[in-house]
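Worksheet for the structure shown next.
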Amino acid sequence: MLIFAIGVGTFLATLLGGLFALRFKDKLHLITGFSAGAVIGVAFFDLLPEAEALRSPLSEFSSVSLMMGIGFVAYMLLDRTVVLNSHDENGCENPRHRGTIGAASLCLHSLFDGVLIGLAFQISVPIGVIVTIAILTHDFSDGINTVNMILKSGSDRRTALRWLALDAFAPVVGIASTFFYSLPSTILGSVLALFCGFFIYIGASELLPESHHGHPRMLTTLATLLGISVLYIAIHFAKG
């Protein structure tokens, strides 16, 4: 029953975040700025510490940083490949492919969030509760980020809602999947470090420049700082 309630909680938190982004899409540049800060905050204050905590005691921190670097470079190469192959017959870039990849990455992250919750409860209920609180605090931002990436790519509201639904269901599927298997913590740490690299690239190379393009930089900068601060405070109190 507890796991079921947690699954519903992750679904609702993500859904509410996405609906918030849709409701205030006329302020998309501010939401994009906030999203950039939130994505970067999740990478540095949640994914990286978790990856470090889950690494093998016999391994070096360099193994975490190596996977983080691999994630950054891999996403960069994927992004560049998509850019080179996402032009129409007039040679203009079609940003929808980039938006799709970004949203898909967030959905995979949400799926893995669910896996982390399920595996944490396999260790113990107290650890499971702590991990759940930490994840719930940024699920709202995950919904905002997913919708934001689709909207800024030029797709319509219906497409954004489809991706939001997928992102909201992803952690529920992840939680359910852990009833059928378990993974070594070292593998979980490597995957988290990989996602950390993904998110640093998404935040710093895509969302942050987009939020500043053609908009007042002071407001968007404040929105970015707010996104980083909100995620730091939320994760700090959730884990503290």
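The values are calculated or read from the model by the stated rules, or taken from the named source; none is laboratory data. In this text, all values refer to a predicted model and were calculated from it rather than measured experimentally. No Cβ is skipped: glycine too gets one built from the backbone with ideal geometry, and neighbour counts run over all protein chains shown. In case anyone asks, the SASA skips ligands and DNA or RNA and just uses the protein heavy atoms, side chains included. Shrake-Rupley method; radii C 1.70, N 1.55, O 1.52, S 1.80 Å.
Rounded to the nearest whole Hz, the Karplus-based 3J(HN,Hα) values (6.51 cos²θ - 1.76 cosθ + 1.60, θ = phi - 60°) of the range 100-109 follow the sequence 5, 5, x, 5, 5, 5, 5, 5, 5, 4, with x at glycine and proline. Extension gain, Phe180-Ile70: 0.36 nm per intervening residue step, less the Cα-Cα distance, totals 36.7 nm.
When the surface is traced with a 1.4 Å probe over the full set of protein chains, Ile187 keeps roughly 80 Å² accessible. Rolling a 1.4 Å probe over the protein heavy atoms gives the range 133-173 an accessible area of 37 Å² per residue.
Packing here is the average count of other Cβ atoms within 10 Å per residue, and on that basis the peptides 30-41, 111-122, highest first, run 30-41, 111-122.
Here the spin labels are modelled as points 7 Å beyond Cα on the Cα-Cβ line, and at Arg162 and Tyr232 they lie 3.9 nm apart.
With the charge dipole of the range 153-238 set up from +1 on Lys and Arg Cβ and -1 on Asp and Glu Cβ about the Cα centre, the Cα lying farthest toward the positive end among the listed residues Ala223, Gly197, Ala160 is that of Ala160.
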